[in-house]
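As structure tokens, the structure follows; a few thoughts come after it.
The values are calculated or read from the model by the stated rules, or taken from the named source; none is laboratory data. For clarity, every value in this text was computed on a predicted model and none was experimentally measured. Here the Cβ positions follow ideal geometry from the backbone for every residue, glycine too, while neighbour counts run over all protein chains shown.
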Amino acid sequence: MSSRSRPTRSTTLSLSHEERWTLHHVLLHRIEQEETAADATDVDSPSLELFQAFDTIDDGRLRFTEPQLEAVQRTLAAYQRSTGWWELERSEIESLLEHVATALEVDRLPAD
């Protein structure tokens with residue numbers, strides 16, 4: 001019996017202009033952390049899915065695969081818990097987390 005890989009499903013997020021900007025900013029900041037760190041060995045490299053998610057939103061699109069949404073969710077959760085100037089965007093980050101969590105839940109529902 002051969003194993004088949006499940007086709008990758010994608011989901012479009014419905015985001016306000018402010019949420020799009022915040023998501024773009026958070027993902028860009030996370031990607032650039034390794035480059036701007038005093039010691040790059042202290043920072044884990046972002047995943048390929050995070051780079052892909054950034055490219056998606058940077059291109060003005062909002063359709064993400066499940067692995068991309070999971071990478072976005074992990075990143076947003078880390079920023080939500082952080083202190084500093086990200087606290088100014090906490091409400092947008094929490095709203096984005098809700099959008100992503102909902103999209104992942106819907107994507108994981110069994111197909112009819």
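Computed quantities for the displayed model
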item: Residue that is surrounded by the fewest Cβ atoms within 10 Å (Cβ to Cβ) [pool: residues in the stretch 25-53 that are touching a helix residue (DSSP H, G or I) at 6+ places or on another chain (Cβ under 8 Å) and farther than 20 Å from SER82 by Cα]; result: GLN52
item: Criterion: modelled with pLDDT of 90 or more and either surrounded by fewer than 18 Cβ atoms within 10 Å (Cβ to Cβ) or outside any helix (DSSP H, G or I) (or both) - qualifying residue of THR22, THR11; result: THR11
item: Among residues of the stretch 68-95, those that are among the hydroxyl-bearing types (Ser, Thr, Tyr), over 15 Å from TRP21 (Cβ atoms) and in contact (Cβ under 8 Å) with a residue 12 or more places away in the chain, counted; result: 1
item: Residue selected from the stretch 62-107 under the condition in contact with a helix residue (DSSP H, G or I) (Cβ under 7 Å, 6 or more places away or on another chain) and among the hydroxyl-bearing types (Ser, Thr, Tyr), by the criterion modelled with the lowest pLDDT; result: TYR79
item: Residue that is nearest to VAL106 (Cα to Cα), among those in the stretch 30-67 that are part of a helix (DSSP H, G or I) and in contact (Cβ under 8 Å) with a residue 24 or more places away in the chain; result: GLU66
item: Filter result (among the aliphatic types (A, V, I, L, M) and within 15 Å of the chain's Cα centre (by Cα)) within the stretch 54-91; result: ILE57, LEU62, LEU69, ALA71, VAL72, LEU76, ALA77, ALA78
